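What follows is a single structure, and I will ask about it in a moment.
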Amino acid sequence: MLEPPAEWAETMSNHDLAIVILAAGKGTRLKSSLAKVLHRAGGRTLVEQIVRTCDPLKARGTVVVVGYQAEQVSAVIEPLGAVTVLQQPQHGTGHAMQVAKRALGRAKIAVVLPGDAPLVRTETLKALIAAHRSGNAAATILTAVVADPSGYGRILRKSEATVSAIVEESQLTGEQKEINEINSAIYCFTLEKLWPALAHVKPHNVHRELYLTDAIAVMNARGETVLAQVAPDSREVLGCNSRADLAEVDRVFREWKRNALMDAGVTIQLPESVLIDPDVNAGEDTIIEPGVQLLGKTKIGARCTIRTGSVLTDAILGDDVTVEPHCVVAQSRLDDRVIIGPFARLRPGNHVKADARIGNFVELKKSTVGEGTKAMHLTYLGDAKIGRKSNIGAGTITCNYDGFHKYPTAIGNKVFIGSDSALVAPVRIADGAYIAAGSTITENVPADGLGIARGRQVNKPGWAAKKRRELAAWELPAAVR
Ligand code: UD1
Ligand code: MG
């Protein structure tokens, strides 16, 4: 008999599944004015990371329980296709689940995740669902065995496979403190078994909250099967309750991203010092030196070198590009074999074409630099369009702003701009023209012409010697005194 395609089977089998993300809490322990799930780790907000991880599960829907800063949280997750329900006020994780009930519609099972544990991987969730289904369980808990379980709920095992209860840190007895299997707060529930159990949960704790964790003991007492599945990598369950937790979770995400790039053929030196956002890509044999940051949607071609201290945000690089040390590049395009820096600053909107060179202390903004053109030293090019094989001398400045408006500068092919020239925009320097060093150019320069605009030099023979004699005559009486 023909097997259905794997993807199809997966879609079919999860039509009864809903995802619930509990994200209503403030996150008091972070000491922040920003809701916990809006803090970032690995280049995205915590809640966005979790929604994206759940996406491939192809559930019938994703419900996010929001409360603290509900509008801001909704704004982040609604574009990702999740729906929100409001929990106001927040009476605990069990209460949050009750608030989500109506939005779950006809779902039969739910994967429930806290909004603050974003390292869980899709494969781990798939295995959790599979274990839940095959074990015919009322609840299946994702757990982890850790060296330091403090702060987490502990798992009380009934047998090798089953669980009798989860005990929160505040309610642990002396010997339970030794248990090092912790609750990740990620579960798979059979909903018709969860709701009656939750109805029996009482807010018997210092915070007077309804704990979802207490539903486990109730289910167990009612003779339901509660299973636990240990996460393959205990880091997957790290929750972000403090700034230190956030830093640790960010560190793990960054490490995974670097490893993925290294697996794809990118060399990263001193990897711990390199920070790369999730959407960044780089081609084979590209070398990334220590202390580099690759941010946003930066795309780097093959055989590029990004040298130490450079920060690239939303940059698009062709192949064989060299970014020398300490460059800052934002929203700009560098074509094949371009070399920039050291110490170049590319503000948004530039296109530097193949074989062009941008040197030290050169700033570009909304400018196009043609093939093979060089601007090597101490230059500002703003709103400029420069053709092929031109040379922009040291200290050239496009004066693109008169205090009210910005104006363009057009420089043609094979133009030579002498050092320390000010090009007062709007102005055009046509193909093949020369600008004499030190000029302040206010009028267009025709093709193959010379633009010179500076005071004429006057040499005064003997002037310096005479001056020195005069000064010596003044100093003599003083020496006598
Ligand atoms: C929770 C678990 C604990 C587990 C740990 C793992 C409970 C009672 N405890 O503790 O067993 O080891 O996670 O990280 O569940 N939330 C709401 N509404 C509320 C309260 C919380 O939506 O009324 C959300 C929070 O925004 C958060 C999540 O639920 O995203 C978990 O809450 P949190 O306060 O972080 O619980 P923990 O103390 O970490
Ligand atoms: Mg937590």
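Tell me the residue from Glu181, Glu248, Glu169, Glu209 that is in contact with a Leu (Cβ under 7 Å, 6 or more places away or on another chain) and farther than 30 Å from Ile316 by Cβ, please.
When all the criteria are applied, what remains is Glu248.
Using the structure shown, decide if Gly92 is at positive phi and open to solvent by 30 Å² or more (accessible area, probe 1.4 Å).
It is false that Gly92 is at positive phi and open to solvent by 30 Å² or more (accessible area, probe 1.4 Å).
Residues Ala260, Ala217, Ala228: which one is in a strand (DSSP E or B) and either touching a residue at least 12 places away in the same chain (Cβ under 8 Å) or away from ligand 2 (no atom under 16 Å from the Cβ) (or both)?
One residue alone meets the criteria, Ala228.
Moving on. Considering every residue within the stretch 27-50, establish whether at least one is under 15 Å from Lys126 (Cα atoms) and either surrounded by 14 or more Cβ atoms within 10 Å (Cβ to Cβ) or more than 10 Å from ligand 1 (Cβ to nearest atom) (or both).
Within the stretch 27-50 (the criterion being under 15 Å from Lys126 (Cα atoms) and either surrounded by 14 or more Cβ atoms within 10 Å (Cβ to Cβ) or more than 10 Å from ligand 1 (Cβ to nearest atom) (or both)), the answer is yes, since at least one residue qualifies.
Any idea which of (1) within 14 Å of ligand 1 (Cβ to nearest atom); (2) within 18 Å of Tyr187 (Cβ to Cβ) is the one Lys108 doesn't satisfy?
Going through the list (1) within 14 Å of ligand 1 (Cβ to nearest atom); (2) within 18 Å of Tyr187 (Cβ to Cβ), Lys108 breaks only (1).
Taking the stretch 414-437, which residues are open to solvent by 40 Å² or more (accessible area, probe 1.4 Å), assigned to a loop (DSSP other than H, G, I, E, B) and touching a residue at least 24 places away in the same chain (Cβ under 8 Å)?
Scanning the stretch 414-437 gives Lys414, Ser419, Asp420, Asp431, Ala437.
Sticking with this one: Out of the stretch 284-320, which residues are open to solvent by 30 Å² or more (accessible area, probe 1.4 Å), in contact with a strand residue (DSSP E or B) (Cβ under 8 Å, 6 or more places away or on another chain) and closer than 16 Å to Asp263 by Cα?
Across the stretch 284-320, the qualifying residues are Asp285, Ile287.
Here's the yes/no breakdown for (1) at pLDDT 95 or above; (2) over 21 Å from His91 (Cα atoms); (3) surrounded by fewer than 22 Cβ atoms within 10 Å (Cβ to Cβ):
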{"site": "His207", "(1), (2), (3)": "no, no, yes"}
{"site": "Ile216", "(1), (2), (3)": "yes, no, no"}
{"site": "Ala221", "(1), (2), (3)": "yes, yes, yes"}
{"site": "Thr225", "(1), (2), (3)": "yes, yes, yes"}
{"site": "Asn259", "(1), (2), (3)": "yes, yes, yes"}
{"site": "Met262", "(1), (2), (3)": "yes, yes, yes"}
{"site": "Thr267", "(1), (2), (3)": "yes, yes, yes"}
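Which one of these does Leu191 not meet: (1) open to solvent by less than 50 Å² (accessible area, probe 1.4 Å); (2) within 10 Å of ligand 1 (Cβ to nearest atom)?
(2)
The values are calculated or read from the model by the stated rules, or taken from the named source; none is laboratory data. Here the structure is a predicted model, which means the values were calculated and not measured. Cβ coordinates were reconstructed from backbone atoms using ideal geometry, including for glycine residues, and neighbour counts include every protein chain displayed. All accessible areas refer to the heavy atoms of the entire protein, side chains included, with ligands and DNA or RNA removed. Shrake-Rupley method; radii C 1.70, N 1.55, O 1.52, S 1.80 Å.
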